[in-house]
Amino acid sequence: MNKHLRILIDYSGSMGYMKGSSDENKWLLKDGSPRIDLVKKILTNDLLGDLDFFDTLNIFTFRSNPTNVQDLIYKRIYAGSEFADASSEVRKLPVPVAGGTPLFLAYQKTSNFLEKGGNNSDRILLIITDGDGNDFVNFDEKIIEHQKVTDKFWKIFVIGIDQNAEAARKSKNVCENTKGIYINLSAIAYDRNYFSKLLFEMKSSITNAILMDAVKSDSQEDLIVEDKLEKDSLNTKQDVIDDNEQVSKDQYISNLEKTVESNTVAITLIGKQLELISAEIIRSNSIKFQDDAIVIDEDPIRNAKIGRKAEEIANEYLSAKMPEIVLSWENEITESFMQYDFSFVKENLTNYIECKGTTGSEKYFYLSKNEWSFFIDNRDRYELILISELYTNRSIHHIENLFKAILSGEVVPYSQLNRNIKNGLVYLRIV
């Protein structure tokens, strides 16, 4: 059984920046990154490693010519069976340029190589898209009909990236009619634990589809062999039994090898399912998802980039606001690991400024336990700058005395959302 996984990645303009168009930056994620970055993280961090039991993997990008939605641009970025190499190629994907979302044409193209008939459970097609098909309005019905007419079947799974209600309805229809699963992810910043939770059912279902096919293939093989032996016994004459004895032995050995191979595949897949379930139990016990609004801290590399960008903006702002003051930017050359980001001397006293940045619109920030202690010790000369919506509709909030702002209720230590906060962090929000 050749277990085949094919992945189609929507490479239309809305997955990038849409530079130079009236829709430029319209579909960016909250951290200012394009949607293709989210797709790359989901594939390389959350999916490919758990689906490495497939014998064949093909990954394609697809989009249409921006001037002709029927002109499919379909590019293979990986073909083989080394999932680590596949992840490496996915990471190299550049940000897409303008183009449409020809969902049916991309599906039709990927089905051309299939032979007719066959069980679709060993043919898994995963489509990742953020839009509705603009090649055919009823792309879902076209795909379902195409499978029936051509007798070429995929089990289709779709990950929607913030699809609208109509696109989500059609994508779900395709999945339900091909025994796949559909999930729609809001356009949120990436968090591995959050996405692992959302993708668990999909990964488990894909694994189970291959497992069931392995078991079924083994059972059907046994039935075929038994039926053949019974017919042969009725039609075989005694005088040729000895001549066929060696052939029967060879056939028996061949059948036994196939059974062992099938059982090995089944055991491997059962093990994979147990790994998935164990990982999900551990994850569920460590992070409590009380509702859809939960927020989990981002990865340190991303946080460092946000922090650096916020400090650059704050430096420009402060230099313009206080041109007569000699401002010291502690991290200008390299990370100083001080408990503040800027300082200046006024009336022979050193004043300190902490800078924070967030990609969302909510005006919140964290102080580490060391930053909190430093703030308390210097509360009369401690300022804070928060830059919200850092990459989109940027807003600068300058709290010139954080201690007084807390006492007056301008800054509060509680959230409007459920949050999972790491040890040693103090949460504060500007009202």
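Summary of computed values
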{"item": "Selected residue (only one of Ala314, Ala320 is surrounded by 12 or more Cβ atoms within 10 Å (Cβ to Cβ) and among the small types (Gly, Ala, Ser))", "result": "Ala314"}
{"item": "Residues of segment 377-392 classified as over 9 Å from Gly360 (Cα atoms) and either free of Cβ contacts under 8 Å to residues at least 12 places away in the same chain or part of a strand (DSSP E or B) (or both), total", "result": "7"}
{"item": "Residue selected from segment 387-431 under the condition closer than 19 Å to Lys321 by Cβ and among the hydroxyl-bearing types (Ser, Thr, Tyr), by the criterion surrounded by the fewest Cβ atoms within 10 Å (Cβ to Cβ)", "result": "Ser395"}
{"item": "Tyr352 vs. criteria within 16 Å of Val411 (Cα to Cα) and surrounded by 14 or more Cβ atoms within 10 Å (Cβ to Cβ)", "result": "no"}
{"item": "All positions within segment 351-386 that are among the β-branched types (Val, Ile, Thr) and modelled with pLDDT of 95 or more", "result": "Ile353, Ile385"}
{"item": "Residue, nearest to Pro102 (Cα to Cα), within segment 159-180, restricted to residues that are of a type in the set (Asp, Glu) and loosely packed, with under 15 Cβ neighbours inside 10 Å", "result": "Glu166"}
{"item": "Wholly within segment 40-137, strands (runs of 3 or more DSSP E) carrying at least 2 residues that are open to solvent by less than 20 Å² (accessible area, probe 1.4 Å) and modelled with pLDDT of 90 or more", "result": "56-65, 123-129"}
{"item": "Those residues of segment 1-22 which are touching a helix residue (DSSP H, G or I) at 6+ places or on another chain (Cβ under 8 Å), open to solvent by 10 Å² or more (accessible area, probe 1.4 Å), closer than 19 Å to Ile73 by Cβ and assigned to a loop (DSSP other than H, G, I, E, B), in sequence order", "result": "Tyr11, Ser21"}
{"item": "Pairs, first of a type in the set (Asp, Glu) in segment 144-155, second open to solvent by 30 Å² or more (accessible area, probe 1.4 Å), C-beta under 6 Å, six or more apart", "result": "Asp151/Lys116"}
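The values are calculated or read from the model by the stated rules, or taken from the named source; none is laboratory data. These numbers come from a predicted model, not from an experiment. Here Cβ is always computed from backbone atoms with ideal geometry, including for glycine, and neighbour counts include all displayed protein chains. Protein only, heavy atoms only, side chains kept; ligands, DNA and RNA dropped before computing areas. Shrake-Rupley method; radii C 1.70, N 1.55, O 1.52, S 1.80 Å.
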